[in-house]
Every structure is written in structure tokens, then in C-alpha cells.
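Input: a single structure, listed below in C-alpha cells.
The values are calculated or read from the model by the stated rules, or taken from the named source; none is laboratory data. None of the values given here were measured: they were computed from a predicted structure. Note that each Cβ is placed from the backbone with ideal geometry, even for glycine, and that neighbours are counted across all protein chains shown. Ligands, DNA and RNA are excluded from the accessible area calculation, which covers all protein heavy atoms including side chains. Shrake-Rupley method; radii C 1.70, N 1.55, O 1.52, S 1.80 Å.
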Amino acid sequence: VRIVPGWLDLEGRLVLAHWRDDLGLTPRGTTTGLTLGARLSLARQIALHVLLEDNIGTHTQADLRLLALLDLSFCTAGYCPAGVVLP
């Protein structure tokens, strides 16, 4: 979801997975995951990406992760509008 165009984007994902082992080596189970992310454009070709993820399942209580990445993208085409981060 684009909150402020060219400046702030938010995203989210919910995952539900169920598995079973037909050979009986691993007990069956279910896991759910929730991921929330944000991309903040700090300046021309500079963005901060932040992801927060939590997984809860049959065999684990909680796996909480926080990832932050500073993206420094430099233009090779000679023209980059303000707020645009190149891949």
C-alpha cells in the first residue's frame, strides 16, 4: 500500500502452512507467519527497508525477526526523479 507516494510504502503478508510426513519421520504440524514491512525513501536513490516477521507453529512458540536494510541505489541512466529508488 502506497501511503505517501514516492516516500512511504507499507506491505504485509499472512502465511498459513500445514504439513504431514507420509513416512512418519516428522510429526505433522501447522505454522503461521505474519510479516509487516515498510519502505521509506530518505533521499534520491536512498531508501530504508524494514521487515518485522513472526512465525508461530506446532513445534515452535515464536520466531521473531527484525531486518533493516539501507538501500543506496545510484543512477546509471543520468536521470532519477526524487524519491525513486532503483532496483
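Of the residues that make up the range 15-23, is at least one in contact with a strand residue (DSSP E or B) (Cβ under 7 Å, 6 or more places away or on another chain), modelled with pLDDT of 90 or more and loosely packed, with under 11 Cβ neighbours inside 10 Å? The answer is yes; a qualifying residue exists.
For residues in the range 35-64 being of a type in the set (Val, Ile, Thr) and in a strand (DSSP E or B), which is most open to solvent (accessible area, probe 1.4 Å)?
Among them, the one singled out is Ile56.
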